[in-house]
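Values in this text are rule-based calculations from the coordinates and carry no lab data. No experiment lies behind these values; they were computed from the predicted model shown. Glycine gets a Cβ as well: all are built from the backbone with ideal geometry, and neighbour counts include every protein chain shown.
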Amino acid sequence: MPAQLSDPITMVVKQTDDVRIHTFVASFAQNNIANATHVIETENQLVLVDAQFLAPYARAFREYADGLGKPIERLYVSHRHPDHWFGLGTAFADVTVYALPETMTFVDEHGEDSRSDHWKLGDLAPERVVVPQKTADPGEEMIDGVRYVFDRVTDTEIDYHLTIRLPDVGVYVAQDLVYSGTHPYLTKHLDHWSRVLRDMLLSDYEVFLPGHGLPADKNEVARLVEYLAAARQAVGDGLTGEAFKSFLLQRYPERRCPGIFDIYLPRLFGGASDY
């Protein structure tokens, strides 16, 4: 890892007779935002979820997956925010990539714009853009003997988001519907996002894999519901920009990765580009 980046966290989240679920989390330090990516390991192959953001973490995630000694059957991209698909161009160009059609279209039409918009990353950014090739359709699919349930969730942290549930394993791959122990990327869809999270609390799932931070339980999901309610109230009270940021930092000092504010505040309050 370059000097400014710390080592990632890797762990086996859950293991059954036939399935092992792995999580790989990038650094919480500096201005990093603790991107979390995951491996679903079955008897014969691997399914990956998201590709990391910064090039060193994408390469390290690929090395971790390759170290399991099984072929990568496919990789799912959860949504169009670049911290989830930039790593495709760094380390996963040879892998079959699935995504929602809206995500595929965005990366195809705006991927180079997004890469250019992140020029300050220098060699931490990918050298190329890889567009997902396969459509991830909502519904059920058996992959190497494991039942997957795919859903297309709209108007939460992003306009279109793919979630993956493993009902027979009890694992819900929520990605950016859940920020675990970190400050979330907020949007104008706080009410609907909260409703989606409340439905998750009523579900039979107990392990929720986030897009940022460590694996979560229902207590962490409930804490995020409360965070969104506080943010909604702050907006209602007229707080914007730095005042909004200061309020949330003071209210939630235990949450990490405050660099996320600098990414979303220009979009939430200033109409900046989505790239």
Mind giving me the nanometre distance, one decimal, between the label points for Glu254 and Ile9, set 7 Å out from Cα along Cα→Cβ?
-> 1.4
Could you give the dipole magnitude of the range 98-183 about its Cα centre, charging the beta-carbon of Lys and Arg +1 and that of Asp and Glu -1, in debye to the nearest 20?
-> 240
Within the range 168-184, backbone nitrogen closer than 12 Å to the virtual label 7 Å beyond the Cα of Asp204 toward Cβ | 168-171
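Relative to the Cα centre, what is the charge dipole magnitude of the chain, using +1 at the beta carbon of each Lys and Arg, -1 at the beta carbon of each Asp and Glu, and rounding to the nearest 20 debye?
Numbers: 25 positive and 41 negative charges, 139 e Å.
Its charge dipole is roughly 660 debye.
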Within the chain, pairs of Lys residues whose Cα atoms are less than 30 angstrom apart, provided they are eight or more positions apart or on distinct chains, add up to 10
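Say a site is exposed when it is one of the trypsin sites (Lys or Arg not before Pro), sits in a DSSP loop, and has at most 12 other Cβ atoms within 10 Å; what is then the longest site-free stretch of the chain?
Result, exposed sites excluded: 1-127.
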Tell me the label-point distance for the pair Asp262, Asp123, using the 7 Å Cα-to-Cβ offset, in nm and rounded to one decimal.
-> 2.2
Which of Asp159, Asp94, Asp17 moves the most in a Gaussian network model of the chain with Cα springs under 10 Å?
-> Asp17
Taking every pair of alpha-carbon atoms in the range 86-164, give the share separated by more than 17 Å as a whole percent.
-> 55
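Tell me which GluC sites (Glu not before Pro) from the range 165-268 have a DSSP coil assignment and no more than 15 other beta carbons within 10 Å of their own.
Of the GluC sites (Glu not before Pro), the ones in loops of the range 165-268 whose Cβ has at most 15 other Cβ atoms within 10 Å are Glu206, Glu254.
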Length gained if Asp155 through Glu242 is fully extended, taking 0.36 nm per residue and subtracting the Cα-Cα distance, is 28.9 nm
Note the direction-averaged projected area, equal to a quarter of the hull surface, for the Cα convex hull of the chain, in nm².
-> 13.3
Rg over Rh, two decimals, the range 139-234 (C-alpha only, Kirkwood Rh) | 0.97
Report the calculated FRET efficiency for Asn31 and Glu140 (r = Cβ-Cβ distance, R0 = 30 Å), to the nearest 0.05.
-> 0.15
Sum -39500 (n - 2.57) across every DSSP H segment of at least 4 residues in the chain, then divide by the residue count to get the 222 nm mean residue ellipticity, nearest 500.
-> -10500 deg cm²/dmol
Using the beta-carbon distance between Glu109 and Thr16 and R0 = 41 Å, what value does 1/(1 + (r/R0)^6) give for FRET efficiency, to the nearest 0.05?
-> 0.50
Distant-in-sequence amide H partners of Asp176 (H built 1.01 Å from N, under 5 Å) | Gly211
Summing +1 for each Lys or Arg and -1 for each Asp or Glu, what net charge is found among the other residues whose Cβ lies under 9 Å from the Cβ of Thr163?
-> +1
When Val207, Val178 are ranked with the fewest other C-beta atoms within 10 Å first, the list becomes Val207, Val178
Rh (Kirkwood; distinct C-alpha pairs) - the range 34-192, Å = 16.0
